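Enquirer: First the structure, which I've put down as structure tokens, then a few questions once you've had a look.
Each reported figure results from applying straightforward, stated rules to the coordinates on display, with no laboratory input. All values derive from a computational prediction rather than experimental measurement.
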Amino acid sequence: MNRLLQGDVGAGKTVVALYAALLAVAHKYQVAIMAPTEILAGQHYRSIERYLAGSRVRTVLLIGGMTKSQRTDCIEQIGDGEVDIVVGLRLCSNAMWSSIGSGSSSSTSSTNSAWCSAPPFAAKPRPADPTTWS
């Protein structure tokens, strides 16, 4: 399933992508929210961190500007299922997912649009008991 959402700057495209991501996380899947630039990925990451402050949703930023060791640690956390939402660039597709369930791409500055996509494959969900989450 693919959907395109268009809107002006500040219209709430990132919030819509985050809502879709949280639905997947609530059903025990990992989510990738991808942006076209590192700057926009960082902005989305900071916004999502602010929106989810105090929650148990675990987020991480995965961008090319990270050191090799930072990127390796991040990818290991994703593969181990220790991360719920990954915000980043196309690098997200290189990560070893433990239970990817949905992907979202938020706005680009040139088109002011967002797309959401669910992969056409089944993924292994995380354990249902949240007390077992790291």
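Enquirer: If you take the alpha carbon radius of gyration of the stretch 25-69 and divide it by 2.2 N^0.38 Å, what ratio comes out, to two decimals?
Expert: Details: Rg = 11.7 Å, N = 45, 2.2 N^0.38 = 9.3 Å.
That ratio works out to 1.25.
Enquirer: Still on this model: Residue 80 to residue 11: extension gain in nm, 0.36 nm per residue of separation minus the Cα-Cα distance? List each step's numbers first, then the result.
Expert: On the way: separation 69, 0.36 × 69 = 24.84 nm, distance 3.49 nm.
Taking residue 80 through residue 11 to full extension adds about 21.4 nm, to one decimal.
Enquirer: Right, another one. Using the Cα atoms of the stretch 1-84, I'd like the radius of gyration and the largest Cα-Cα distance, Dmax, both in angstrom.
Expert: 13.4, 37
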